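Enquirer: Handing you this structure, nothing more for now.
The values are calculated or read from the model by the stated rules, or taken from the named source; none is laboratory data. Since this is a predicted model, take the numbers as computed values, not measurements. Quick reminder, even Gly has a Cβ in these numbers, built from the backbone with ideal geometry, and neighbours come from all protein chains shown. Protein only, heavy atoms only, side chains kept; ligands, DNA and RNA dropped before computing areas. Shrake-Rupley method; radii C 1.70, N 1.55, O 1.52, S 1.80 Å.
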Amino acid sequence: MAKAKKQTARGRKQDRARVAGGQKYEVAYEAKKTRRSASAVKKAVKKVGSSRKKVERRLGRKK
């Protein structure tokens, strides 16, 4: 089996800019951060897409 490539700084930055609505830990993190429910986070991801900025704006936390 091939060895996994080390993730670059650019890759990590792009990954942090998104919220994976199907990943429990990412939804839980965003829910705790914005003080909203996990279902509210999932609905926001579905409505505005996976962009972390857009999701946070939708949930009421402005940066």
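Enquirer: Search the structure for amide H atoms under 5 Å from the amide H of residue 18, placed 1.01 Å from N in the peptide plane, and list their residues when 5 or more places away or on another chain.
Expert: Amide H neighbours of residue 18, under 5 Å, 5+ apart: 52.
Enquirer: Next up: Taking the Cα centre as origin and putting +1 on Lys and Arg beta-carbons and -1 on Asp and Glu beta-carbons, what dipole magnitude results for the stretch 4-55, to the nearest 20 debye? List each step's numbers first, then the result.
Expert: Numbers: 19 positive and 3 negative charges, 32 e Å.
The calculation lands at about 160 debye.
Enquirer: Now for a different question. How high is the relative contact order of the chain, given as a whole-number percent (alpha carbon pairs under 8 Å, six or more residues apart)?
Expert: 29 percent
Enquirer: Something else now. Accessible area per residue for the chain in Å², computed with a 1.4 Å probe and the full protein assembly in place, what is it?
Expert: Result: 87 Å² of accessible area for each residue.
Enquirer: Once Rh for the chain is found with the Kirkwood sum over Cα pairs, what is the Stokes-Einstein diffusion coefficient at 20 °C and 1.002 mPa s, in µm²/s? Mind dumping the intermediate values first?
Expert: On the way: Rh = 12.4 Å.
Taking Rh from Cα pairs, D becomes 173 µm²/s.
Enquirer: Moving on to the next point. Do the sum for the chain: with -39,500 (n - 2.57) for every DSSP H run of n ≥ 4, divided by all residues, what is the mean residue ellipticity at 222 nm, to the nearest 500 deg cm²/dmol?
Expert: After summing the helix terms and dividing by the residues of the chain, the value is -17500 deg cm²/dmol.
Enquirer: Let me ask another. Computed FRET efficiency, Cβ-Cβ of residue 16 and residue 57, R0 25 Å: what is it to the nearest 0.05?
Expert: On the way: r = 16 Å, r/R0 = 0.65.
The pair residue 16/residue 57 has a calculated efficiency of 0.95.
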